[in-house]
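Before any comments, here is the structure.
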Amino acid sequence: MITARRMAAVDANAAALGVPRKQLMESSGNAVARVVREVAGGADADDATEVAVVAGRGNNGGDAFVAVRFLDGFDTRTHLLGRPETISTDIARENYEALVEAEYDVETVSDSRALDLDDPDVVVDAMLGTGVTGALREPEAAAAEAINATDATVVAVDVPSGVDADTGDAAGIAVDADHVVTFHDEKPGLSSLDAKVHVADIGIPAAAETFTGPGDLLALSRDPQSHKGDHGEVLVVGGGPYTGAPALAAGAALRAGADLVRVACPEAVAREIQAYSENFILVPFEGQVLEPDHVDGLLRRAAEHDVVVFGPGLGSDERTLDAVGDFLARYDGRAVVDADALQVVPDVDTAATLVCTPHQGELREMGGSTSEDWRERRALVESFAGELGHTLLVKGAYDVVSDGSETRVNRTGNPGMTVGGTGDVLAGVTGALCCTQGPLDAAAIAAYVNGLAGDRVVEDNGFGLVATDLLAAVPAAMWGGRDE
């Protein structure tokens, strides 16, 4: 089972792995044609079988254009909703032009009210795919009515137009399909439909789901009408024995898109942390280190933020670890837990949603197991995440991210990132992303972005990377990494 958003990411990741989208479209169209042949009577079908294809101008329509080529021997007519020059992707346009050049029966529907499907045996609904939600607009709404008015068997490509693939709901009129040919894996909403669902393997490698890639970045967006705070407020709780760590985490949260970042730290080091950047808002508490007496105030602060990044530079003083445990036991929001604070997590019963970011040594200290082989480590991390009930981002040459039921692996990054401070940057990036993404997605995207930023620094400057170099490279990796 895969959501529409995740499917878009996997599709893009497959292309990044070297599987061309055009090749996937060819496989998709072939799969649609096989189902059409099946519902049209299989071997008993002949050239008297009439197939009407109603195609949109995106890749869903492109799948249908391919299918038409595999339906030679049938009486097919393709109805394109809109002008050919408005077909939105190159591969869909190429497959449309192939039909025209080969003199298939193709007509352009400029006015949906004039759509005449006649009396076909099969109608192929290829107007809109899984990425489109909400009520159908024209010309698709009128076309859906025309499809539903026929007595034909209706085969929908990927999802019936007008139906939300994740929920099975329709906001208005939708195509009433008898069969749905969906690709790679079933979509959550299809099981609720009164239609037979055919799941077609179109050759997307398993690695496109397992490994993070540029497709994961498709989840990121910025609304042009957004306001301060819409992309999250992060509270970094850290510092005491160390001052650079909370500063790096706070800077990374800002670079990764959080609108406001505050740093709660001992007042003894507040001026030093503030000196790292005028962009930080400091909220100091009394003393040299975090202590249990500070927890009430921190909880009040945390309630005003979307995410807390807990741990960078806090140290392992016994009073500090007691305070971490008390905070987590009473906190019910989202938190990224890093560094010395990690060792407290297994012993705390918390209602909080945690993303824990240990390296493999810290994972062992938490009670988990690891392996040099990333495949074995993936299974071990998934099992331990399930036991903990929290999301784990275990750092290594291959980062492993798991919530206990779903696991992803990240391959970006390089040996230059063994330098101190890179984990603090990762914690901050994860914190910012947790403001707008689910825990697993936030951790997976953060691992990919952090490693990609490190790769870019090393590519430009060679080894000798320092954490501030990584920090500076985060925005370009996040927003420019879709084409990597």
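The values are calculated or read from the model by the stated rules, or taken from the named source; none is laboratory data. Predicted model, so just to flag it, every value in this text is computed and none were measured. Here Cβ is always computed from backbone atoms with ideal geometry, including for glycine, and neighbour counts include all displayed protein chains. Ligands, DNA and RNA are excluded from the accessible area calculation, which covers all protein heavy atoms including side chains. Shrake-Rupley method; radii C 1.70, N 1.55, O 1.52, S 1.80 Å.
Observations, loosely collected:
- Of the residues ASP306, ASP326, the single one that is in contact with a Pro (Cβ under 9 Å, 6 or more places away or on another chain) and in contact (Cβ under 8 Å) with a residue 24 or more places away in the chain is ASP326.
- One residue stands out in segment 77-92 among those that are more than 10 Å from GLU107 (Cα to Cα) and of a type in the set (Val, Ile, Thr): the one that is farthest from the chain's Cα centre (by Cα), namely THR86.
- Test result for VAL53, open to solvent by less than 50 Å² (accessible area, probe 1.4 Å) and part of a helix (DSSP H, G or I): no
- Residue count for segment 65-76 under the criterion of being outside any loop (DSSP other than H, G, I, E, B), more than 32 Å from the chain's Cα centre (by Cα) and not charged (D, E, K, R): the result is 3.
- Subset tally (residues that are within 16 Å of VAL295 (Cβ to Cβ), touching a Phe, Trp or Tyr at 6+ places or on another chain (Cβ under 8 Å) and β-branched (Val, Ile, Thr)) for segment 326-377: 2
- Residue match in segment 461-477 (condition: closer than 24 Å to ALA207 by Cβ, of a type outside the set (Lys, Arg), under 20 Å from the mean Cα position of the chain (by Cα) and open to solvent by 30 Å² or more (accessible area, probe 1.4 Å)): no
- Any hit, segment 455-463, residues being modelled with pLDDT under 95 and in a loop (DSSP other than H, G, I, E, B): yes
- In segment 278-301, residue most open to solvent (accessible area, probe 1.4 Å) [restricted to those that are part of a helix (DSSP H, G or I) and under 20 Å from TYR242 (Cα atoms)]: PRO292
- A residue that is among the charged types (D, E, K, R) and modelled with pLDDT of 95 or more can be found somewhere in segment 216-225.
- Exclusive hit being of a type outside the set (Gly, Ala, Ser), buried (at least 17 other Cβ atoms within 10 Å of the Cβ) and more than 16 Å from VAL154 (Cα to Cα), set ARG69, ARG83: ARG69
- Note on segment 182-277: enclosed strands (runs of 3 or more DSSP E) holding 1 or more residues that are free of Cβ contacts under 8 Å to residues at least 24 places away in the same chain and out of contact with any helix residue (DSSP H, G or I) (no Cβ under 7 Å at 6 or more places or on another chain) are 196-200.
- Only one of the numbered conditions (1) of a type in the set (Gly, Ala, Ser); (2) in contact with an Asp or Glu (Cβ under 9 Å, 6 or more places away or on another chain); (3) over 23 Å from GLY240 (Cα atoms) is violated by SER383, and that is (2).
- LEU24 passes every criterion in (1) closer than 22 Å to ILE147 by Cα; (2) part of a helix (DSSP H, G or I); (3) open to solvent by less than 40 Å² (accessible area, probe 1.4 Å) apart from (1).
- Spans of helices (runs of 4 or more DSSP H) in segment 302-420 with at least 3 residues of a type outside the set (A, V, I, L, M), closer than 21 Å to LEU235 by Cβ and open to solvent by less than 50 Å² (accessible area, probe 1.4 Å): 318-330
- Within segment 166-208, the residues that satisfy the criterion of being under 23 Å from LYS22 (Cα atoms) and surrounded by 23 or more Cβ atoms within 10 Å (Cβ to Cβ) are VAL180, VAL181, THR182, PHE183, LYS187.
- Residues being touching a residue at least 40 places away in the same chain (Cβ under 8 Å) and either among the aliphatic types (A, V, I, L, M) or closer than 22 Å to ALA207 by Cα (or both) - total across segment 355-377: 1
- Test for THR78: is it open to solvent by 40 Å² or more (accessible area, probe 1.4 Å) and either under 20 Å from THR153 (Cβ atoms) or without any contact (Cβ under 8 Å) to a residue 60 or more places away in the chain (or both): no
- Residues being within 15 Å of ASP151 (Cβ to Cβ) and either out of contact with any strand residue (DSSP E or B) (no Cβ under 8 Å at 6 or more places or on another chain) or open to solvent by 10 Å² or more (accessible area, probe 1.4 Å) (or both) - total across segment 121-134: 1
Here's the yes/no breakdown for (1) among the polar types (S, T, N, Q); (2) within 24 Å of ASP178 (Cβ to Cβ):
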| position | (1), (2) |
| --- | --- |
| GLU26 | no, no |
| GLY29 | no, yes |
| VAL35 | no, yes |
| GLY61 | no, yes |
| ALA64 | no, yes |
| PHE70 | no, yes |
| ARG77 | no, yes |
| GLU101 | no, no |
| SER110 | yes, no |
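- One residue from GLU304, GLU365, GLU387 being touching a helix residue (DSSP H, G or I) at 6+ places or on another chain (Cβ under 8 Å) and of a type outside the set (Gly, Ala, Ser): GLU365
- Among the candidates SER110, SER161, the residue that is in contact (Cβ under 8 Å) with a residue 12 or more places away in the chain, of a type in the set (Ser, Thr, Tyr) and open to solvent by 20 Å² or more (accessible area, probe 1.4 Å) is uniquely SER110.
- For segment 168-182, residues that are over 27 Å from ARG83 (Cα atoms) and modelled with pLDDT of 95 or more total 2.
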